[in-house]
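Participant: What follows is a single structure, and I will ask about it in a moment.
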Amino acid sequence: MPMSKSNRKIDVLDTQISISRIAEEDFISLTDIARHRDTDRSDDLIRNWVRNRNTLEFLGI
């Protein structure tokens, strides 16, 4: 069965955030959210978030 993929955007605090639906699962773009906070360092924001102990515990659940 082929995986279906669809994309849409929502507006949050005057920022467009991409949402992709792949095989009945929704994925929100962390990059779009990070760009809202700091367009020049969005990669660093995501990198630090992924290293955060609370994030690791949440992902482990």
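Read-outs: derived from the displayed coordinates by stated rules, not from any lab. Keep in mind that what you see is a predicted model, and the values were worked out from it rather than measured. Cβ coordinates were reconstructed from backbone atoms using ideal geometry, including for glycine residues, and neighbour counts include every protein chain displayed.
Participant: What percent do you get for the relative contact order of region 5-60 when only Cα pairs under 8 Å and 6+ apart count?
Facilitator: 20 percent
Participant: Looking only at region 19-36, which residues have a backbone nitrogen under 14 Å from a spot 7 Å from the Cα of ARG8 in the C-beta direction?
Facilitator: Residues 19-22, 24-28 qualify, since their backbone N sits under 14 Å from the label point.
Participant: Work out the length of the dipole vector of the chain about its Cα centre, built from +1 on the beta-carbon of each Lys and Arg and -1 on the beta-carbon of each Asp and Glu, and round it to the nearest 20 debye.
Facilitator: The dipole of the chain has a size of about 100 debye.
Participant: Semi-axes of the equivalent ellipsoid for the chain, please: Cα gyration tensor eigenvalues, times 5, square-rooted, ordered largest first, whole Å.
Facilitator: Semi-axes from the Cα gyration tensor: 23, 19, 9 Å.
Participant: Per-residue ellipticity at 222 nm for the chain, helices alone: DSSP H runs ≥ 4 residues times -39500 (n - 2.57), over residue total, nearest 500 deg cm²/dmol?
Facilitator: Mean residue ellipticity at 222 nm (helix-derived): -12000 deg cm²/dmol.
Participant: Across region 27-35, in residue order, what do the Karplus-derived ³J(HN,Hα) couplings come to in whole Hz, using 6.51 cos²θ - 1.76 cosθ + 1.60 with θ = phi - 60° and x for Gly and Pro?
Facilitator: Coupling constants for region 27-35: 10, 9, 6, 5, 4, 4, 5, 5, 5 Hz.
Participant: A further question on this structure: Please list 3J(HN,Hα) in residue order for region 43-60, calculated via the Karplus relation 6.51 cos²θ - 1.76 cosθ + 1.60 where θ = phi - 60°; whole Hz, with x for glycine and proline.
Facilitator: 5, 5, 4, 5, 4, 5, 5, 5, 7, 5, 4, 5, 5, 4, 5, 4, 5, x
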